[in-house]
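Taking it in order: structure first as structure tokens, then the write-up.
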Amino acid sequence: MSSIPKAVESRGRFLERIEGGAPETSVDERLVALTAPMSAAAEQYRMLLHRLRHIRSLRGEAIQGGAIVAVTSAIRGEGVSLTAANLALTAARARDARVALVDCDLRRGGLAQLFDMGSRAGLADILTGKTEVGEALGRYHEGHLAVIAAGRAPGAESASLLAGTRFAQTLSLLRTLFDEIYLDVPPALATADAQVVAYKADGIVMVARAGNTPREQVAAAVRSLQGAPVWGLVLNGVEPSRVPAPLPVVKGQLPSGK
């Protein structure tokens with residue numbers, strides 16, 4: 001577990017594209033933190049980020065090293081991967097912070113596709129001992145961001161791998177290298193994986209889709225994570241017309257509003 005890239009050891013800026021990705025690497029347009037940073041959607045991610053950081057500050061010294069935030073949902077199709085990715089990108093761009101984004105959905109991971117990372121090794125390969133953390137880190141140029149994809153589907157049961165010592169060691173190592181670590185976690189009601197990962201995180205963000213996810217399912221998902229610190233709920237798929245547009249900035253200052 002000691003193979004760490006020199007770029008991480010020196011805490012320098014990351015490369016200009018994901019290593020091992022396509023020659024002309026392009027990200028998904030739904031990563032609005034990159035593709036539309038001045039949009040209302042991107043502003044909502046900035047608001048979410050600062051609320052989460054405020055919650056962390058209230059914890060004081062309870063969190064040692066980089067903070068780990070797990071993003072999950074009740075069922076599939078709620079937009080967990082997009083939420084985790086946009087949140088991590090927003091964090092990496094917001095200040096001089098080193099941020100890691102880890103795909104913990106070993107069955108159906110989606111971050112590799114979002115970031116056009118190709119078929120590089122990922123978390124599954126780390127947990128099965130096929131590769132080291134440093135070899136799986138995909139470094140992206142937007143801020144100080146590193147991405148670990150899900151990797152090749154494990155032969156063993158994914159929940160058992162996530163409950164094992166190698167995953168705990170991986171998170172401990174990431175805490176020493178990064179200021180914030182965001183975990184893309186499978187749905188809480190579909191697999192045991194979410195419950196395994198939740199207890200290793202400092203905070204949990206639950207994602208639900210507006211007009212689609214029954215509140216009973218969201219409540220059941222929260223109950224399934226008994227004892228884990230749920231920090232908040234993200235409502236995805238809200239009608240754009242119902243989201244207030246960001247206020248324009250004039251000469252570096254926000255105009256007064258009514």
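The values are calculated or read from the model by the stated rules, or taken from the named source; none is laboratory data. Small disclaimer: the values here were computed from a predicted structure and weren't measured. Quick reminder, even Gly has a Cβ in these numbers, built from the backbone with ideal geometry, and neighbours come from all protein chains shown. To get the accessible areas, we keep the full protein, side chains included, count just its heavy atoms, and leave off ligands, DNA and RNA. Shrake-Rupley method; radii C 1.70, N 1.55, O 1.52, S 1.80 Å.
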Where labels lie 7 Å past Cα in the beta-carbon direction, separation of Ala192 and Ala97 in nm:
3.3
Rounded to the nearest 0.05, what FRET efficiency do Arg108 and Thr176 have when you use their Cβ-Cβ distance and R0 = 35 Å?
0.75
Starting from 0.36 nm per residue, how many nanometres of slack lie between Tyr199 and Glu135 once their C-alpha separation is accounted for?
20.4 nm
With every protein chain left in place, what is the accessible area of Thr35 in Å² (1.4 Å probe, nearest 10)?
70
Once both labels are modelled 7 Å past Cα along the beta-carbon direction, what's the Glu157-Arg51 spacing in nm?
3.6
Debye log10 I(q)/I(0) at q = 0.19, 0.21, 0.22, 0.26 Å⁻¹ for the range 63-148, Cα point scatterers
-0.92, -1.11, -1.20, -1.46
